[in-house]
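The values are calculated or read from the model by the stated rules, or taken from the named source; none is laboratory data. Every value quoted in this text rests on a predicted model; they were computed, and no experiment measured them. Positions of Cβ are generated from backbone atoms using ideal geometry, with glycine treated the same way; all protein chains shown enter the neighbour counts.
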Amino acid sequence: MEIKIKDAGETEYKSDCLVLPFFEPAGMELYGDIDGKIDGLIQKVIHSGEFKAKEGQIVLLYVTGVVFDRVLLLGLGKKTDITAEKLRRAGAKAFLRARESKTETVTVSVRAISETFIVQGVFSPSYYFAEGAMLSLYRYLKYKKSDEDKQDEKELKEAVLLSKEVDFPIQWLNVNVSASTFARDLVNSPSKDMTPSTLAEVAKSITGKNLKVKILEQKESEKEGMWSYLAVAKGSTEPPKFILLEYSGGGKSKPLAIVGKAITFDSGGLSLKPADSMEDMKQDMAGGAATLAIFKAVSSLKLPVNLIGVLPATENMPSGHAIRPGDVVTAITGKTIEILNTDAEGRLALVDAIGYVIKHYKPEAVIDMATLTGACSIALGNEAVAMMGNDDKLMDEVREAAGETFERVWQMPLYEEFKEYLKSEVADIKNIGGRTGGLITAAYFIKEFVGDTPWVHLDIASTAFLAKPKPYFVKGATAVGVRLLLELIRKRLEKAKKA
Ligand code: BES
Ligand code: MN
Ligand code: ZN
């Protein structure tokens, strides 16, 4: 469902539920005209002292005699404390409560939140409210078949912001949300349904002007000398698919390359994971899914940019054919790698993908997104994406975009001293760096294959898939990285326009 914007009055547009946001302390100054049509019910509630408009507080009233059946009073907390993120959370609260109440149509009054000066951000406050509201509605229901589940499945069918704002970026909002939904569905899909071959089919299903999708089969990857990536695939009966997307909407400028880790299931290989660490490893293609979603969004909006996307897709499985700890392989760059732990497979796939894209496309910059290390959540919990790279300007750009979308990034250092951690006795480098600094040594490994091309690595291992829900994310996939890089691209275009 897309959200709409309508220049209509609150008592004119028919809906099952009208949402009225209030700043604390709750007062009647904004909504007297509406209250007049429902027998002063709102005033009654406020006078009772039950509704103070504290952050997240909700009172739901059933009403008659007007075009809406329910009024949802929503607390936003103090006006002086409001932020874009609080508005997202408020939007989520309201829409989830409305859905719980079995409504099909929701309208939102923006009277309280239409003043552009109250939050810092590139859009008006109602944008963030609507964004949180729409993201919160996501559920993965494909395999919910019991009658009991079906009862709870009632979906909102129409959402409307009642606003006069003429240049509200409603399309940008809807494209961002639907791209996020697309990525979340891919990541939540069981690995049996989301093999490298399926992922390749999904990539090919994204069509549009200026978009080309190519799949390199195993033989072609062998010809390219991507033995590091292919080493990961050896244990699986699923054929590896090296997925390439070329979007050329931006004339002759050098492309930005986006590389997404796309391990459709990570068992660890012969360095097998313990059972509880393996449970959620369908998520190990979240970087790849985010990459596909970004291409879908960019091509649907026909943005004037050049992008290359790469997903080195494969499973990581143990078998008699699997790569063994101690084996040595050569990457596309010619560097040899001693594979001491087959569970450090993401970096093996990524360095060939990055090597390939630099060799064949000479991109102006490379950004990779990868569920790369368990150490990421040890360092940052589930609150931030770990960022490392070789280019401060590009990292600043990512940081700026992250501030806007609240997909927060936190930079970790790539000190030269970490090179030592990756010293191999028999090859140019080994694929693990020891017990300490695991988040960094994984990135440092990649850095050793990048060269001079500006590069940023985003470790999304702790943010791509949630074991506990967040205000506008249910458990499971979050599509982290999608809105982040779309915002980075949008900011670039905005800057170019101003220049
Ligand atoms: N896919 C995992 C990392 C991961 C862990 C992602 C938890 C999401 C949630 C990655 O391939 C992995 O297994 N990393 C190892 C590296 C180690 C063997 C050096 C890890 O972090 O344990
Ligand atoms: Mn692994
Ligand atoms: Zn992995």
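When you look at GLU338, is it within 14 Å of ligand 1 (Cβ to nearest atom) and either under 20 Å from the mean Cα position of the chain (by Cα) or surrounded by fewer than 24 Cβ atoms within 10 Å (Cβ to Cβ) (or both), yes or no?
Spelling it out, GLU338 is indeed within 14 Å of ligand 1 (Cβ to nearest atom) and either under 20 Å from the mean Cα position of the chain (by Cα) or surrounded by fewer than 24 Cβ atoms within 10 Å (Cβ to Cβ) (or both).
Which ones in the stretch 109-122 are of a type outside the set (A, V, I, L, M) and either within 10 Å of LEU87 (Cβ to Cβ) or buried (at least 19 other Cβ atoms within 10 Å of the Cβ) (or both)?
SER109, GLY121
So which residues in the stretch 429-465 are assigned to a loop (DSSP other than H, G, I, E, B) and either farther than 20 Å from GLN283 by Cβ or at pLDDT below 95 (or both), if there are any at all?
ASN431, ILE432, GLY433, GLY434, ARG435, THR436, GLY437, GLY451, ASP452, THR453, PRO454
Given VAL329, VAL310, which one is over 22 Å from the mean Cα position of the chain (by Cα) and either assigned to a loop (DSSP other than H, G, I, E, B) or more than 14 Å from ligand 1 (Cβ to nearest atom) (or both)? Walk me through how you get there before you give the answer.
Numbers: VAL310 fails: over 22 Å from the mean Cα position of the chain (by Cα).
Answer to the selection: VAL329.
Please determine whether any residue of the stretch 337-353 is at pLDDT 95 or above, of a type in the set (Val, Ile, Thr) and away from ligand 2 (no atom under 16 Å from the Cβ). Break it down into steps so the answer makes sense when it comes.
Keep residues of the stretch 337-353 that are at pLDDT 95 or above, which gives 337-353.
Those still in the list that are of a type in the set (Val, Ile, Thr) too: 337, 339, 342, 351.
Now restrict to residues that are away from ligand 2 (no atom under 16 Å from the Cβ): none.
No, every residue in the stretch 337-353 fails to be at pLDDT 95 or above, of a type in the set (Val, Ile, Thr) and away from ligand 2 (no atom under 16 Å from the Cβ).
Inside the stretch 244-293, can you point out the residues that are within 12 Å of ligand 3 (Cβ to nearest atom) and part of a helix (DSSP H, G or I)?
Selection gives SER277, MET278, MET281, LYS282, GLN283, ASP284, MET285, ALA286, GLY287, GLY288.
Would you mind stating whether ALA231 is hydrophobic (A, V, I, L, M, F, W, C), buried (at least 20 other Cβ atoms within 10 Å of the Cβ) and assigned to a helix (DSSP H, G or I)?
Numbers: hydrophobic (A, V, I, L, M, F, W, C): yes; buried (at least 20 other Cβ atoms within 10 Å of the Cβ): yes; assigned to a helix (DSSP H, G or I): yes.
Against the criterion (hydrophobic (A, V, I, L, M, F, W, C), buried (at least 20 other Cβ atoms within 10 Å of the Cβ) and assigned to a helix (DSSP H, G or I)), ALA231 qualifies.
If I ask for residues that are within 17 Å of ILE263 (Cβ to Cβ) and not in a strand (DSSP E or B), which ones from the stretch 357-374 would you list?
Scanning the stretch 357-374 gives THR371, LEU372, THR373, GLY374.
Answer with yes or no whether ALA262 is more than 10 Å from ligand 1 (Cβ to nearest atom) and either surrounded by fewer than 24 Cβ atoms within 10 Å (Cβ to Cβ) or touching a residue at least 60 places away in the same chain (Cβ under 8 Å) (or both).
In short, yes.
Hey, among ALA344, ALA353, which residue is within 16 Å of ligand 3 (Cβ to nearest atom), in a loop (DSSP other than H, G, I, E, B), buried (at least 22 other Cβ atoms within 10 Å of the Cβ) and in contact (Cβ under 8 Å) with a residue 12 or more places away in the chain?
Testing whether each residue is within 16 Å of ligand 3 (Cβ to nearest atom), in a loop (DSSP other than H, G, I, E, B), buried (at least 22 other Cβ atoms within 10 Å of the Cβ) and in contact (Cβ under 8 Å) with a residue 12 or more places away in the chain leaves just ALA344.
Go through the stretch 53-120 and tell me which strands (runs of 3 or more DSSP E), entirely inside it, have 2 or more residues that are hydroxyl-bearing (Ser, Thr, Tyr).
Ranges flagged: 105-109.
Please indicate, with yes or no, whether at least one residue in the stretch 408-422 is in contact (Cβ under 8 Å) with a residue 24 or more places away in the chain and within 16 Å of ligand 3 (Cβ to nearest atom).
No: zero hits.
So, in the stretch 370-382, exactly how many residues are out of contact with any Ser or Thr (no Cβ under 7 Å at 6 or more places or on another chain) and more than 7 Å from ligand 1 (Cβ to nearest atom)?
3
Say we look at the stretch 356-389 and pick out the residues that are away from ligand 3 (no atom under 16 Å from the Cβ) and among the small types (Gly, Ala, Ser); which of these is surrounded by the fewest Cβ atoms within 10 Å (Cβ to Cβ)?
For the stretch 356-389, the residue satisfying everything is GLY381.
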